[in-house]
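The values are calculated or read from the model by the stated rules, or taken from the named source; none is laboratory data. Computed from a prediction, not measured in an experiment: that's the story for all the values here. FYI the Cβ positions are ideal-geometry reconstructions off the backbone, even for glycines, and counts take in every protein chain you see. Heads up: the accessible areas ignore ligands, DNA and RNA and are worked out on the full protein's heavy atoms, side chains in. Shrake-Rupley method; radii C 1.70, N 1.55, O 1.52, S 1.80 Å.
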Amino acid sequence: MSQSSQTGAAPAPERIRNAPDAARRDSAGSLLERLQRGVEANPSLMPFGATMAFAVELLREGEAVIVVTTDERHQNIVGYTHGGVLLAIADNAIGLAHLTTLRANQTATTVEVKMNFLRPVWRTQLRAHARMVKSGKLLMSDELRRIFGL
């Protein structure tokens, strides 16, 4: 990983602005295509991803995989990987899986998150794999498979 991506100084990918603006989205290609170009330009895809040092490993319609190799930057006070890191990569994988399925007049946000932590995580590679199962009129649901490869 380059020094610039570790510090968050990597160039920002093209951002999604005014998501409901169909003309803007159509002129730049589908949202999935724009996201895929963004990942090619910067695997962390967004400033938050660079801050957390994660990378988008897979991005296709209805599915996303995010990976992070944890180190001292991700530790809590007792030396475990902070639970917020686990939640953040899961939430980002879910969000990206949703975004890849949106039409021009749609947008998405996380409305609720719950995660149970079963054991501590030290330095390792974590993988969050989200796959769209069902899309409703107002809310979508996901199934997280193999959330973290421990």
Study note, to complete from the structure: Looking across the range 23-58 at residues that are over 14 Å from the mean Cα position of the chain (by Cα) and polar (S, T, N, Q), the single one that is modelled with the highest pLDDT is 30
Practice item. Determine if the range 98-111 includes at least one residue that is within 25 Å of residue 74 (Cα to Cα), touching a Gly at 6+ places or on another chain (Cβ under 8 Å) and open to solvent by less than 50 Å² (accessible area, probe 1.4 Å). Key: no
Check your understanding: Taking residue 127, is it surrounded by 15 or more Cβ atoms within 10 Å (Cβ to Cβ) and either within 20 Å of residue 39 (Cα to Cα) or touching a helix residue (DSSP H, G or I) at 6+ places or on another chain (Cβ under 9 Å) (or both)?
Key -> yes
**Study point:** Matching residues, the range 45-86, being over 14 Å from residue 125 (Cβ atoms), aliphatic (A, V, I, L, M), out of contact with any helix residue (DSSP H, G or I) (no Cβ under 7 Å at 6 or more places or on another chain) and open to solvent by less than 80 Å² (accessible area, probe 1.4 Å)
**Key:** 46, 58
Check your understanding: Could you list, in sequence order, the residues of the range 52-77 that are farther than 17 Å from residue 39 by Cα, among the hydrophobic types (A, V, I, L, M, F, W, C) and touching a residue at least 24 places away in the same chain (Cβ under 8 Å)?
Key -> none
